[in-house]
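Okay, so here's the structure we're looking at.
Quick note: the coordinates plus some simple rules give every number you see, no bench work behind them. The structure displayed is predicted, hence computed values, not measured ones.
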Amino acid sequence: MSHPIFLFGVSAGEVLVILLVVLLLFGSKKIPELARSFGKGMSEFKKATEDIKQEFQNNANGIIDDFKKVESEIKQNSNEIREIANDFYKENL
């Protein structure tokens, strides 16, 4: 008889045993404090992850802006070279 999979391949019975071991090791008074600490840690981790994600996005946007500026300058220089070449061609005909 197979047990239903509850979480990450762990059955409900295994989760119950883990919870009982935690209760025995830390006691009922310490568990809420541990849960709060875990929640704060997860919150800080999520915030740090978002900060890193935002930093990457800002840097990517800056790089895109730099490429657009370079593209614009290349187009401008290309037009100037074309004008100079046309003027030279007209003068030497």
Check: What shape does region 5-91 have by the C-alpha gyration tensor, where a ≥ b ≥ c are the square roots of the eigenvalues, rounded means a/c under 1.5, and otherwise prolate means a/b greater than b/c and oblate the rest?
Finding: prolate
Check: Lysine pairs, Cα distance under 29 Å, 8 or more residues apart or cross-chain: how many in region 5-91?
Finding: 10
Notebook entry, point to check: Most mobile of Glu83, Glu44, Glu71 per a Gaussian network model of the chain (Cα springs, under 10 Å)?
Noted result: Glu83
Notebook entry, point to check: How much mean residue ellipticity at 222 nm does the chain get from its helices, if each DSSP H run of length 4 or more adds -39500 (n - 2.57) and you divide by all residues, to the nearest 500 deg cm²/dmol?
Noted result: -33000 deg cm²/dmol
